[in-house]
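These notes concern the structure reproduced below.
The values are calculated or read from the model by the stated rules, or taken from the named source; none is laboratory data. Because the structure is a prediction, the values reported are computed rather than measured. Methodologically, a virtual Cβ is constructed for each residue, glycine included, from the backbone with ideal geometry; neighbour enumeration extends over all protein chains shown. Areas reflect the complete protein model, heavy atoms only, side chains present, ligands, DNA and RNA absent. Shrake-Rupley method; radii C 1.70, N 1.55, O 1.52, S 1.80 Å.
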Amino acid sequence: MNITDSIKYIGVNDHELDLFEGQYIVPNGMAYNSYVILDEKIAVMDTTDVNFTHEWMNNLKEAFGSRKPDYLVVQHMEPDHSSCIGQFIKEFPEAKIVASAMAFNIMKNFYGTDFPENKMVVGEGAKLNLGKHELTFITAPMVHWPEVIVTYDSFDKVLFSADGFGKFGALDVEDDDGWACEARRYYFGIVGKYGVQVQALLKKAANLDIQKICPLHGPVLSENLSYYLDLYNTWSSYGVEAEGVMIAYTSVYGNTKKAAEILAQKLVDKGCPKVALNDLARGDMAEVVEDAFKYGKIVLATTTYNTEIFPFMRVFIETLVEHNFQNRTIGLIENGSWAPTAAKVMKTMLEKCKNITFSNTTVSIKSAVTEQNEQQLDALAEELK
Ligand code: FEO
């Protein structure tokens, strides 16, 4: 696949993976992207996952035929991109590895060597001339690891964006939900905590004339780039992407679920533009995390459990806090047969988040939903609609 006349795609699709990074389901598989820039000198942009060494090597050799690569640019050291560095150097011992100083430290940790014979350290603003193509390296710490650099090619006006603008899903699977759905789940799961750092990268990118974005996962982006850049700006500034209410619940005997469903119906009846209802025990929690960041208002409904809260809700709130959840309005529904304390526990956990407003109404259920609870749910829907 040609990205431009002189940039070729040499990545692979993974359909065997059960959990990406050990935790995210990827029903449409995963792509590990890699690119070759063909000029007077040849640069390879990142490698791939260890299980695809052979396929990647074949793609690589097909891309430049009898020529030999001069540089391997390592933008990110996570093993889904760096696992074939050793094999590459074995095949092409003359090539230079171009990476940040920290990437070489991490290389040594993962692979026992930082390839001193091949090492070429680059920092912010360093340039590499390939002939017509001039690469400029831009540091992007914590997008997604501290060693990350992204690379701008001024000849074809391409930004190689490392994990930025990545997405779950292999490239040979049609994604009916469009780019944003799996890109958002990927973003908030993987980089969500580091909004400040993503904002810093977006500021640097704003000074560049970018025609194409080549990420390490997901499709190459080449049209309507402002759509993707605007979404990244909203996500990384923890802004509200869509009007509506996200309800996340856990339920032991169905009563808390019933309350959540009553609330959802009341919101719809009152004209709320969108209600997303999620069962934390049965759904994909990464989807619910994504929804929590997408909408401006969320409702959490759970039972009191061991004087705490139900485990799935505890993990969910901890995940939100850890990912820098902020700028949201939150409503709470608690259930407890003899001493409901879940609302207090949830509130205390969420107090670590910045700029959170709690609704005036908290719904407190003692086992089953009563007439009085219905009224509380109505008041909550009125506040949040
Ligand atoms: Fe795709 Fe952070 O590795």
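Among residues of segment 332-343 that are at negative phi, those with a Cβ under 7 angstrom from a residue that is among the charged types (D, E, K, R), sequence gap 6+ or separate chain, pair up as Leu332/Lys347; Gly336/Lys366; Ser337/Lys366; Pro340/Glu334; Pro340/Lys366; Ala342/Glu334; Ala343/Glu334. Inclusion of Val44 among residues that are at pLDDT 95 or above, hydrophobic (A, V, I, L, M, F, W, C) and within 16 Å of the ligand (Cβ to nearest atom) is not warranted. Restricted to segment 38-156, the set of helices (runs of 4 or more DSSP H) holding at least 1 residues that are closer than 20 Å to Ile3 by Cα comprises 53-64, 79-82.
Screening Val50 on (1) crowded, with 16+ Cβ neighbours inside 10 Å; (2) within 15 Å of the ligand (Cβ to nearest atom) shows it passes everything except condition (1). Checking each residue in segment 119-152 for being in contact with a helix residue (DSSP H, G or I) (Cβ under 6 Å, 6 or more places away or on another chain) and open to solvent by less than 10 Å² (accessible area, probe 1.4 Å) picks out Ala140, Val143, Glu147. Looking across segment 74-91 at every residue that is of a type outside the set (Lys, Arg), more than 14 Å from Phe52 (Cα to Cα) and open to solvent by 10 Å² or more (accessible area, probe 1.4 Å), the one that is farthest from the ligand (Cβ to nearest atom) is identified as Glu91.
Per the listing Ile10, Ile25, Ile37, the residue uniquely over 22 Å from Ile213 (Cα atoms) and touching a strand residue (DSSP E or B) at 6+ places or on another chain (Cβ under 9 Å) is Ile25. Filtered by the rule that a residue be more than 16 Å from the ligand (Cβ to nearest atom) and closer than 20 Å to Ala206 by Cβ, segment 127-151 gives Lys127, Glu134, Leu135, Thr136, Phe137, Ile138. For segment 59-73, the condition of being in contact (Cβ under 8 Å) with a residue 24 or more places away in the chain, in contact with a helix residue (DSSP H, G or I) (Cβ under 6 Å, 6 or more places away or on another chain) and surrounded by fewer than 18 Cβ atoms within 10 Å (Cβ to Cβ) holds for none of the residues.
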